[in-house]
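Peer 1: Sharing a structure below in structure tokens format, with a few things to ask.
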Amino acid sequence: MGESEIDANLQNIHDYPKFVWTSLPVYRERAEYRREYTAMGRNDHDTEFREGCIAMTTPIVADSGNPAVFTVLQAGRGIAALLVVLFHTTLLFASKKYWGVKIGGGLFGFGYAGVEFFFVLSGFIILYAHERDIDNPRSVWRYLGKRFRRIYPIYWLITLALTAVVLMTRDFHRALIPNSFLLIGAHTGAVLAVAWTLFHEVLFYLIFAVLIVNFRVGLIAFGLWFIACIASLFGSVPHYSFAPLNLLFGFGMVAALASSRLRLQNWLWWAGIVGFGLVGVADVRFGFGATSPIIFAYGLAAAVFVAGGASAERAGRIAAPVALCRLGDASYVLYLIHYPILSVLAKFWHRVPSLASMAPAPTALLFVGICVFAAVVIHRWIERPLMALLAVRESPTTTRPCLTTTAVPPSAP
């Protein structure tokens, strides 16, 4: 085996005969290896303890051939979340209640497609990370615990903060408050407007849990679910559970299978980006909106990018810049907080004459910057410590090799 100075750790000067320095070490023998890895000088900025392993955010390929984190997909998450922010900023500034101006000529009118990307990415990550858990009922509680920790704690904090404000400022259907916290049931009128996507995510996670408990039953459940979603294309959608949008989770699962089982061309991820961009241009130019054909076009392009990007990064062909990966780390928080922040900023701006007189375009950029900054701060100082606090430490006898560590919803956004 060769060696490389890429991302070399100068503090790691010792020889470790019982394991290879990889981006995804697994404590298979003794818990004391945790101390040895930690002593190599990795700090909490680039190291997280997850499910009995240390997950490095650097794009090094582990000895299993699977990166600890697909940096390209992590960057994609960040860009998708940013697209959603730009989309809502565009709508805000176009509102006659505020500026009544189309920022950039409506360039980011396709930004809602960031949600489509997240659904595809969720399908990919969940299958990729938990494929070996399928038909293993003992793994289901660990799986559900991981999903719970990833979705609910920071979401509850933000929703709790908003609930009191919402109840005081507008007529709110109190019966929807339990739904808003559980992310199950009706999502129309939820406390956090963007939380509607999380209802879809939670449904997908629950059906995948059936697949973990029993492969055949889970396969039937997925088949019936997707058939019902397809049937909704030819009539009204009775419930979000059967919305055609849910089919994008299937797109992501197919991408995961293709990436792990087929030899994909290294340029495929570029084809996904180009395809996604072309659909966006056509969407903005002709005003298609979120119709089913456009949703599936975005989903197909996203699936090509995800499968191609994962395959290329596994082969060591590509790696995303650290800054975009950091944006991806904070993407879930960015998705959750940007809508209320934009609303507060708009109201405040129009109450201060000197601020209201500012040009719309720079103001819009400032708003987006504030959202991103707030998300990074909350992720770094609240979300990450909270997840670390809630993380379940597995004993060395139950630890299994990890496939990936950041199966992030909604992939919410």
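The values are calculated or read from the model by the stated rules, or taken from the named source; none is laboratory data. These figures come from a predicted structure and were not determined experimentally. Ideal geometry is used to build each Cβ from the backbone, glycine not excepted, and the neighbour counts take in all protein chains shown.
Peer 1: Can you pull out every residue in segment 64-115 that is under 30 Å from R314 (Cα atoms), in contact with a Pro (Cβ under 7 Å, 6 or more places away or on another chain) and not in a helix (DSSP H, G or I)?
Peer 2: The answer is S64, P67.
Peer 1: May I ask you to verify whether Y339 is within 18 Å of R380 (Cα to Cα) and either aromatic (F, W, Y) or surrounded by fewer than 19 Cβ atoms within 10 Å (Cβ to Cβ) (or both)? Give the derivation first.
Peer 2: Working: within 18 Å of R380 (Cα to Cα): no; either aromatic (F, W, Y) or surrounded by fewer than 19 Cβ atoms within 10 Å (Cβ to Cβ) (or both): yes.
No: the conditions fail for Y339.
Peer 1: Still on this structure, please answer the following. Which one is modelled with the highest pLDDT, of the residues in segment 242-275 that are among the polar types (S, T, N, Q) and surrounded by 17 or more Cβ atoms within 10 Å (Cβ to Cβ)? Give the derivation first.
Peer 2: Pass one, segment 242-275, residues among the polar types (S, T, N, Q): 246, 259-260, 265-266.
Going one step further and asking which of them are surrounded by 17 or more Cβ atoms within 10 Å (Cβ to Cβ), we end up with 246, 259-260.
Working: N246: 97, S259: 93, S260: 90.
Once the filter is applied, the top-ranked residue is N246.
Each row is one residue, and each column tells you yes or no for (1) modelled with pLDDT under 95; (2) more than 24 Å from S259 (Cα to Cα); (3) within 17 Å of the chain's Cα centre (by Cα); (4) not polar (S, T, N, Q).
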| site | (1), (2), (3), (4) |
| --- | --- |
| L345 | no, yes, no, yes |
| V352 | yes, yes, no, yes |
| F367 | no, yes, no, yes |
| V377 | no, yes, no, yes |
| R400 | yes, no, no, yes |
| S411 | yes, no, yes, no |
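Peer 1: Let me ask something else about it. Looking at segment 188-215, which of its residues are without any contact (Cβ under 8 Å) to a residue 24 or more places away in the chain and closer than 26 Å to I337 by Cβ? Give the steps one after another, and end with the answer.
Peer 2: Start the filter on segment 188-215 by keeping residues that are without any contact (Cβ under 8 Å) to a residue 24 or more places away in the chain, which leaves 188-190, 206-207, 210.
Within segment 188-215, T188, G189, A190, L206 meet the criteria.
Peer 1: Still on this model: For G111, only one of the following conditions fails: (1) under 25 Å from the mean Cα position of the chain (by Cα); (2) farther than 18 Å from F288 by Cβ; (3) free of Cβ contacts under 8 Å to residues at least 60 places away in the same chain. What is its number?
Peer 2: Failed condition: (2).
Peer 1: Another question about this same structure. Against the condition touching a Pro at 6+ places or on another chain (Cβ under 8 Å) and outside any helix (DSSP H, G or I), how does A320 come out, does it pass? It would help to see each step written out before you state the result.
Peer 2: Numbers: touching a Pro at 6+ places or on another chain (Cβ under 8 Å): yes; outside any helix (DSSP H, G or I): yes.
The answer is yes for A320.
Peer 1: Can you pull out every residue in segment 298-324 that is buried (at least 23 other Cβ atoms within 10 Å of the Cβ) and touching a strand residue (DSSP E or B) at 6+ places or on another chain (Cβ under 9 Å)?
Peer 2: Within segment 298-324, A310, E313 meet the criteria.
Peer 1: Hey, A356 hits all of (1) over 17 Å from A81 (Cα atoms); (2) in contact (Cβ under 8 Å) with a residue 40 or more places away in the chain but one; which does it fall short on?
Peer 2: (2)
Peer 1: Mind counting the residues in segment 257-286 that are assigned to a helix (DSSP H, G or I) and over 13 Å from V304 (Cβ atoms)?
Peer 2: Here is the first cut: in segment 257-286, the residues assigned to a helix (DSSP H, G or I) are 257-261, 268-286.
Still in the list and also over 13 Å from V304 (Cβ atoms): 257, 260-261, 280-286.
Of the residues in that region, 10 qualify.
Peer 1: Within segment 80-112, how many residues are of a type in the set (G, A, S), out of contact with any Leu (no Cβ under 7 Å at 6 or more places or on another chain) and surrounded by 24 or more Cβ atoms within 10 Å (Cβ to Cβ)?
Peer 2: Kept after step one, since they are of a type in the set (G, A, S), are these residues of segment 80-112: 80-81, 94-95, 100, 104-106, 109, 111.
Checking which are out of contact with any Leu (no Cβ under 7 Å at 6 or more places or on another chain) leaves us with 80, 94-95, 100, 104-106, 109.
The next check asks that each one be surrounded by 24 or more Cβ atoms within 10 Å (Cβ to Cβ); those that pass are 80.
Residues in segment 80-112 being of a type in the set (G, A, S), out of contact with any Leu (no Cβ under 7 Å at 6 or more places or on another chain) and surrounded by 24 or more Cβ atoms within 10 Å (Cβ to Cβ): 1 in total.
Peer 1: Anything in segment 190-235 that is at pLDDT below 95, part of a loop (DSSP other than H, G, I, E, B) and either in contact with a Lys or Arg (Cβ under 6 Å, 6 or more places away or on another chain) or surrounded by fewer than 19 Cβ atoms within 10 Å (Cβ to Cβ) (or both)? List them, or say none.
Peer 2: Result: G235, single match.
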